[in-house]
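Participant: Just passing along the structure, written as structure tokens.
Computed from the coordinates by the stated procedures, all read-outs in this text should not be read as laboratory data. All figures in this text were calculated on a predicted structure; none of them were measured in a lab. Don't worry about glycine lacking a Cβ; one is built from the backbone with ideal geometry, like all the others, and counts go over all protein chains shown.
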Amino acid sequence: MARRSAKKAHKILIIDDEKSIRYTLRDILEYEKYQVDEAKDGAEGFEKIQKNNYNVVLCDIKMPKMDGMEVLEQTMALGKDLEFILISAHGDIPTAVEATRKGAFDFITKPPDLNRLLLTIRNALDKSTLVEETKVLKRRVTKTFDIIGKSQAIQKVKDTIDKVAPTEARVLITGGNGSGKELVARWLHEKSPRAKAPLVEVNCAAIPSELIESELFGHEKGAFTSAIKQRIGKFEQANGGTLFLDEIGDMSLSAQAKVLRALQENKITRVGGDKEIKVNVRVVAATNKNLRAEIKESKFREDLYHRLGVILIHVPPLNDRRDDIPLLVNHFLKGIAKEYGAPAKKVEKSAFKLLQAKDWTGNIRELRNVTERLVIMSTDGVITAEDVELYA
């Protein structure tokens, strides 16, 4: 048997009322470089699970005080990040199915085959590691895309997101370029019941009008000259999740008509096709244009505006939330320091005052760029008022 080489010693709990089985499993697992703990019955095992952090639990089913199924159910209710493997001398398919349904990673019969047991533990640890890495990455992404600010204007936006995100209501986000409309859309998705499904983004201004319909609804092979194969559109890609239509005000009228139909009927048809495809999509749209003015000039459909704008969220320009500038700058400084692999620079109070007095026509995006410029051009680890006057 080859020794297991591991960077990190994983912790395993053995719960079994037979001392000989506990000792045998402990010897095998410690030889494999696992940290091992044990409990003589279900009650003691569950008490240890509550107090300690284990990666894997090996648990017998037939035990005094509390059987394995009870331990499994109560452990799952705790919401702990561990994998549960049930072991029983009375193995049958219905029991195995029930154990899996209740959250067990696997079900093994006694006496366990050693290779099968070790493989199952390794697979369980791989799953546990993947789940933890996913959570860490999600925390990092969430922190990266946080909405920074404590001003009344931005707090109103946050409060609206908290109220609206759990619903299925369509949302229209308005605001200037660089104000953070994409962040609002991302948070509407992250805080919604659809968070585990895709968030698919489409920049309507970046796609030529003759291609927007193919981008949104897909196309069949041969639908037009360059359609050499079938393509799945953004509506289908976002099925079950959220479709973010950025710069919706730049969409062609013909595409607007098709989007309206998709919203009304929850169905789409690929370009060049005649088959109707059902889609389950929550649409969030954003624009930097005054859509009511666009409607008066017959550049935007009024019926689509009302379909999209069940909830309206206006993202304030940076000039209307100057009190947030120090918080935003410090947030950017930390991110830039990580990118450059250097300590974060500090900012003098007088420099903050100058930044707060500046006219930010480019909003948050402009402030981020100016902050990076100041980091590069300033010296001695401190951004001064003179630096702001020279480089902002």
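Participant: Identify which of GLN152, GLN50, GLN356 has the largest mean-square fluctuation in a Gaussian network model of the chain, with springs joining Cα atoms closer than 10 Å.
Facilitator: GLN50
Participant: Given H placed on each backbone N at 1.01 Å, which residues far from LYS267 in sequence or on other chains put an amide H within less than 5 Å of it?
Facilitator: VAL279
Participant: Moving on to the next point. Taking the Cβ of GLN152 as the centre, find all other residues whose Cβ is under 15 Å away and add up their charges (Lys, Arg: +1; Asp, Glu: -1).
Facilitator: +1
Participant: Would you work out which of ILE311, GLY381, SER298 lies farthest towards the positive end of the dipole of the chain? Charges go on Cβ: Lys and Arg +1, Asp and Glu -1.
Facilitator: SER298
Participant: Enter the angle in degrees (range 0 to 90, nearest 10) between the Cα long axis of helix 68-78 and the first principal axis of the Cα atoms of the chain, meaning the one along which they spread out most.
Facilitator: Compared with the principal axis, the helix lies near 30 degrees.
Participant: Most fluctuating residue of GLN237, GLN264, GLN256 in a GNM of the chain with Cα springs under 10 Å: which is it?
Facilitator: Largest GNM mean-square fluctuation: GLN264.
Participant: Given a cut-off of under 8 Å on Cα pairs at least six residues apart, what relative contact order in percent is computed for the chain?
Facilitator: Answer for the chain is 12 percent.
Participant: Pairs LYS181/LYS349; LYS163/LYS196; LYS150/LYS346; LYS156/LYS289: which exceed 24 Å Cα-Cα?
Facilitator: In this structure, LYS181/LYS349 exceed 24 Å between Cα atoms.
Participant: Let me ask another. Let's see if you can work this out: charge +1 on each Lys and Arg Cβ, -1 on each Asp and Glu Cβ, no other charges. What is the dipole magnitude of the chain about its Cα centre, in debye to the nearest 20?
Facilitator: Dipole about the Cα centre, nearest 20: 360 debye.
Participant: Next up: At 0.36 nm per residue, minus the direct Cα-Cα distance, what do ILE148 and THR269 gain on full extension? Give it in nm, one decimal, please.
Facilitator: Using 0.36 nm per residue and subtracting the Cα-Cα distance, I get 39.5 nm.
Participant: Moving on. Mind listing the phi-derived Karplus ³J(HN,Hα) values for the stretch 107-112, rounded to whole Hz, using 6.51, -1.76 and 1.60 with θ = phi - 60°, and x for any glycine or proline?
Facilitator: Karplus-based 3J(HN,Hα) across the stretch 107-112 equals 10, 10, 8, 8, x, x Hz.
Participant: Oh, and also: Which one of THR100, THR167, THR225 has the biggest mean-square fluctuation once the chain is modelled by GNM with Cα springs under 10 Å?
Facilitator: In this elastic network of the chain, the residue with the biggest mean-square fluctuation among THR100, THR167, THR225 is THR225.
Participant: For n ≥ 4 DSSP H runs only, could you compute -39500 (n - 2.57) per run for the chain, divide by its residues and tell me the 222 nm figure to the nearest 500?
Facilitator: -14000 deg cm²/dmol
Participant: Using a basic spin-label model with each label point 7 Å from the Cα along Cα→Cβ, how many nm lie between ALA337 and GLU389?
Facilitator: 2.7 nm
Participant: Enumerate the calculated ³J(HN,Hα) couplings along the stretch 173-180 in order (Karplus 6.51 cos²θ - 1.76 cosθ + 1.60, θ = phi - 60°), each rounded to whole Hz, writing x wherever the residue is Gly or Pro.
Facilitator: So the Karplus estimates, Gly and Pro as x, are 9, 10, x, x, 4, x, 7, x Hz.
Participant: What's the FRET efficiency of ASN319 with LYS51 using the Cβ-Cβ distance as r and R₀ = 41 Å, to the nearest 0.05?
Facilitator: With a Förster radius of 41 Å, E is 0.15.
Participant: Okay, next question. Distance from a point 7 Å along Cα→Cβ of LEU211 to each backbone N in the stretch 255-292: keep the residues under 19 Å and list them by number.
Facilitator: Flagged as within label range: 255-256, 270-272.
Participant: List every residue whose amide H lies under 5 Å from the amide H of ASP41, counting only residues 5 or more places away in sequence or on a different chain, with H placed 1.01 Å from N in the peptide plane.
Facilitator: Amide H neighbours of ASP41: ASP16.
Participant: For the stretch 292-372, with only Lys/Arg (+1) and Asp/Glu (-1) charged at the beta-carbon, what is the dipole magnitude about the Cα centre, in debye rounded to 20?
Facilitator: Dipole of the stretch 292-372, to the nearest 20 debye: 220 debye.
Participant: What distance in nm separates the two pseudo spin-label positions at LYS62 and HIS90, each 7 Å out from Cα along the beta-carbon direction?
Facilitator: 0.5 nm
Participant: To the nearest 0.05, how large is the calculated FRET efficiency for HIS306 and SER254 if R₀ is 22 Å and r is the Cβ-Cβ distance?
Facilitator: Here the calculated transfer efficiency is 0.70.
Participant: Cross-link partners among aspartates and glutamates for LYS158, C-alpha distance below 18 Å, same-chain residues fewer than 8 apart left out?
Facilitator: Straight-distance partners of LYS158: ASP146, GLU168, GLU182, GLU190, ASP320, ASP323, ASP324.
Participant: Along the stretch 230-235, what does the Karplus equation 6.51 cos²θ - 1.76 cosθ + 1.60 (θ = phi - 60°) give for ³J(HN,Hα), rounded to whole Hz, x for Gly and Pro?
Facilitator: 5, 10, 8, x, 5, 4
Participant: Give me the distance in nm between label points sitting 7 Å out from Cα along the Cα-to-Cβ direction at SER20 and ALA169, one decimal.
Facilitator: A separation of 6.7 nm, rounded to one decimal place.
Participant: Dipole magnitude of the stretch 148-316 about its Cα centre, charges +1 at Lys/Arg Cβ and -1 at Asp/Glu Cβ only, in debye to the nearest 20?
Facilitator: Magnitude of the dipole: close to 400 debye.
Participant: So, one more: Starting from 0.36 nm per residue, how many nanometres of slack lie between LEU114 and ILE295 once their C-alpha separation is accounted for?
Facilitator: 58.0 nm
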